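Down below is the structure, laid out as structure tokens.
A short reminder: the numbers here are calculations on the coordinates, not readings from a lab. Just so it is clear, the model here is predicted, and its values are computed rather than measured. Neighbour counts are summed over all protein chains in view; Cβ atoms, including those assigned to glycine, are modelled from backbone coordinates with ideal geometry.
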Amino acid sequence: MTDKEQLDLLVEKYAALKSEMGHVIVGQNEAVDSLLLTLFTGGHCLLLGVPGLAKTLMVNTLAQTLGLSFNRIQFTPDLMPSDITGSEILDRDRNFKFIQGPLFASVVLADEINRTPPKTQAALLEAMQERKVTVSGTTYPLPRPFFVLATQNPIEQEGTYPLPEAQLDRFMFNVRLDYPSFDEEVQIVKQTTVSQHTSVSRVLGADEILAFQEAIRHMPVPDNVVEYAVGLVGRTRPTASDSRQGLAAKYISWGAGPRASQYLIMGARTFAALRGKYSPDADDVRAVACNVLRHRIVRNYFAEAEGITTDQIITELLKS
């Protein structure tokens, strides 16, 4: 099958996935879109939202529609790195044997990731970047495809450990979930307060996902689109020559790094492909910019004092 045929098939499968997830998930269309974008790009996603917005259910439903192995890790203050990656034990023959941890699955839900100490959070770094785990000097490959989908409650800070910038940078998207509308909440209540259980069917498999990811990587990207993405990221850096007198110098302490430029192009490719296009343009870059840049910009004191949010800064940068 050619890349063009793969991309045409991807549009059909994307619609089928959204329809199937819609049997369980009410509303949250932007969040579902972002999860699917992450899936077909091959990145990781951080979901931010108050309790009760179906973050965990959304990831669980996605795993069911994909027919992939799925593990949920409930992050707690006493969780150790070996509880995630696995550890070596001494078997009956007095030989060391590696027992895989819950990280060895295609879809890993890191539930309330900020509730565990930094040393345990750091156990995900190698897995998220290199798709492998090293224990006692031995490296073990992770399944393909491999996605870490983490959840975080942004309003509760007691007993939590904020993710360091290096950890945040491993996530392709930072997606914020909002409250459902009145009609959506009515439907949620009707759907979840009865004994009837709604199931979903498998739509895609591992081999199909990998084939779609490869076809997306082969999509041509015009030079002007790459330059636009790199220029946008550059304007988030207060030390850049074109930012010293602008918004970045006024409100930003640290801007986004080169990984942001990479994810902007990768995300734009996938965003374009899911809408039946064979090459991304600047509009596709803008469509994914907020989710890519939101967790890569560090506001300074003046922004916090004036109540300027990261999303407001990104919106102004896109206008300029």
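Could you list Y278, Y301, Y161 in order of exposure, starting from the residue whose Cβ has the fewest other Cβ atoms within 10 Å? Don't skip to the end; give the middle numbers.
Details: Y278 12, Y301 9, Y161 17.
Ascending Cβ contact count within 10 Å gives the list Y301, Y278, Y161.
If packing is taken as the mean number of other Cβ atoms within 10 Å per residue, what is the order of 31-39, 67-75, highest first? Can you show the working numbers first?
Numbers: 31-39: 22.2, 67-75: 17.9.
Averaged packing, sorted descending, gives the order 31-39, 67-75.
Dipole size of the chain about its Cα centre, with +1 on Lys/Arg Cβ and -1 on Asp/Glu Cβ: approximately 460 debye, rounded to the nearest 20.
Excluding same-chain neighbours fewer than eight residues apart, the aspartates and glutamates reachable from K250 by a Cα-Cα span under 14 Å are D242, E304, E306, E316.
Over 28 Å between Cα atoms: which of K97/K132; K132/K277; K18/K190; K4/K55; K55/K319 fall into that group? From K97/K132; K132/K277; K18/K190; K4/K55; K55/K319, over 28 Å: K132/K277; K4/K55; K55/K319. Excluding residues fewer than 8 places away in the same chain, name every one of the aspartates and glutamates whose C-alpha is closer than 17 Å to that of K13. Result set, ordered by chain and number: D3, E5, D33, D207, E208, E214.
Sort the range 1-58 into rounded, prolate or oblate with this rule: let a ≥ b ≥ c be the square roots of the eigenvalues of the Cα gyration tensor; rounded if a/c is under 1.5, and if a/c is not under 1.5, prolate when a/b is larger than b/c, oblate otherwise. All intermediate terms of the calculation are to be shown ahead of the outcome.
Working: a/c = 3.80, a/b = 1.83, b/c = 2.07.
Note, shape of the range 1-58 comes out oblate.
Annotation note: GluC sites (Glu not before Pro) in the range 119-195 located in DSSP loop regions with a Cβ neighbour count of at most 16 within 10 Å are E156, E158. Between the amide H of I252 and those of N300, distances stay under 5 Å, these residues lying 5 or more places away or on another chain, with hydrogens modeled in the peptide plane.
The DSSP beta bridges internal to the chain are antiparallel in roughly 40% of cases.
Let a ≥ b ≥ c be the square roots of the eigenvalues of the Cα gyration tensor of the chain; is it rounded (a/c under 1.5), or, if not, prolate (a/b larger than b/c) or oblate? Here the chain falls in the rounded category.
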